[in-house]
Amino acid sequence: YNLRVNRVYSAVFIAGTAVSVALVMAFLTVLSSRVVNTVPETHRDRMLSVSHLLYKGDMGTLGFGVSAEFGKRFLDSLPGVECWTAMAPGHFMEGPLTLRDAAGISCKAFTRFVDRNFWRVFDFQFVAGRPLSESGMHGSAAELVVSESVAHRLAGKSDAVGKEVYWDGRLFRVCGVVRDVPISASAAFAEAWMPLDEYDINMSWLGRMFFGKVSFLGNGPIYILADDRASFRKIRSGIEDRLEIFNHTDDSGSELSLPRGVPSYVESMFVQFDSHGNSQPVRPYIWMSVGVLLLILLVPLFNLSGMVTSRMEARLTEFGTRKAFGAGSGSILSQITWENLLLTLIGGVLGLVLSWLLLEVFSRQLSML
């Protein structure tokens, strides 16, 4: 009866509840999608990363990403390491790469150059085909894996296995098609995955110009899959020991260091670094997130509380009449409580639906926040 009679009040109450619930759920969903185990990053809880290497020597101080050469020297056979993968973003300098087929059909795609271990560290859902093979990592038999949307743009269907694609005058053959990767999976996100060995991306332009320690500098990060979270300390200690031994046995007087350390996946997502590679505490970002949630919840809470108070004052005559006919205070309080709970429940359900719509329509924008 009150829903019908007090339509404006009911609509505002339900809408206020729905909007606040939708915003909070969308925010928490996007946040959780970055840290919890989810396809294709199903091992986030036991992943470490090495993303920044600092070289000090006769050529000055150079800071860059790391190459596969670093992994081979400092991670192979390291206790606690189940697997590691090196990669380099194809769009590092020029944005999305342009892929073309023999008929001249082209499309732009965000690309990563990856090694074979990439498919062990990350769990992709293959629609068709398989990951890159050993023979497909280089030469005339070079292969690539594309996302489902890229396959549709190039071949008009999901199963584009066998499709010949050209990039920069080089021929690739599609060996697999995977489901589109959400941008929130920042470590694995791409629309096409090419072999790391094909263009010698495992050694950056610095590594191709110089020799020795500089060859460990690269364009991308290395992700380490530990056999267990308990092995994190052992892995970090092992890398530090190997770096120390390497620096002390080198005769050139140069030095390698990891100014950002070896953070876990979650730490690497939320810890910021300054220009010198010093980490900034994560606590301010946590409190900022808590503050955003409280702001989203408290603003409508105060407004709705004021509306409820005004509405109750307007109904004092009704409550007085009910008490005159024998209604107890508990009965009136129960009525008020259940009425507001019903409105909140309706608003919560609408908020759930609205949050799904927000995530569906603005999923890419929300994931980039």
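The values are calculated or read from the model by the stated rules, or taken from the named source; none is laboratory data. A quick note: this is a predicted structure, and the numbers were derived from the prediction, not measured. Cβ sites come from the backbone with ideal geometry, for glycine too, and all protein chains shown count toward neighbours. All accessible areas refer to the heavy atoms of the entire protein, side chains included, with ligands and DNA or RNA removed. Shrake-Rupley method; radii C 1.70, N 1.55, O 1.52, S 1.80 Å.
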Taking the alpha-carbon centre of each part, the distance from region 132-189 to region 1-66 in Å is 28 Å
Under the 7 Å Cα-to-Cβ spin-label approximation, residue 301 and residue 316 lie apart by a distance in nanometres of 2.7 nm
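Kindly report the accessible area of the chain per residue (heavy atoms of protein chains, probe 1.4 Å, no ligands, DNA or RNA), in Å².
Numbers: 19150 Å² over 369 residues.
Here the per-residue accessible area is 52 Å².
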Simple SL model, points at 7 angstrom along Cα→Cβ for residue 42 and residue 141; separation in nm is 2.8 nm
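Work out, step by step, the length gained on full extension between residue 340 and residue 230: first 0.36 nm times the residue separation, then minus their alpha carbon distance; give nm to one decimal. Present the calculation step by step, with values, prior to reporting the outcome.
Numbers: separation 110, 0.36 × 110 = 39.60 nm, distance 4.81 nm.
Gain on stretching residue 340 to residue 230: 34.8 nm.
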Across the chain, qualifying lysine pairs (alpha carbons under 20 Å, at least 8 places apart or different chains) come out at 5
With all protein chains in place and a 1.4 Å probe, residue 69 shows an accessible area in Å² (nearest 10) of 50 Å²
For residue 163, the accessible surface traced by a 1.4 Å probe with all protein chains present amounts, in square angstrom to the nearest 10, to 60 Å²
Under a 1.4 Å probe, counting only protein heavy atoms, residue 245 has an accessible area in Å², nearest 10, of 100 Å²
Per-residue ellipticity at 222 nm attributable to helices in the chain (runs of n ≥ 4 DSSP H, -39500 (n - 2.57) apiece, nearest 500 deg cm²/dmol) works out to -14000 deg cm²/dmol
The simple spin-label model distance between residue 159 and residue 171, using points 7 Å out along Cα→Cβ, in nm, is 2.4 nm
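Sequence gap at least 6, Cα distance under 8 Å: using those rules, report the relative contact order of the chain to the nearest whole percent. Before the final figure, lay out the partial values.
Values: 626 pairs, mean separation 100.0, N = 369.
This gives 27 percent for the chain.
Full extension from residue 183 to residue 29: what is 0.36 nm times the residue separation minus their Cα-Cα distance, to one decimal in nm? Write down the numbers at each step before the final one.
Details: separation 154, 0.36 × 154 = 55.44 nm, distance 1.36 nm.
Extra length available between residue 183 and residue 29 comes to 54.1 nm.
Within the accessible area of the chain, what % is carbon and sulfur when the probe is 1.4 Å and the other protein chains stay in place? Show your work: numbers first, answer last.
On the way: 11450 of 19150 Å².
Solvent-exposed carbon and sulfur of the chain make up 60 percent of the total.
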Shape call for region 57-153, from the Cα gyration tensor axes a ≥ b ≥ c (a/c under 1.5 means rounded, otherwise prolate when a/b beats b/c, else oblate), comes out oblate
Residues other than residue 161 with Cβ under 14 Å of its Cβ, Lys/Arg counted +1 and Asp/Glu -1, net out at -1
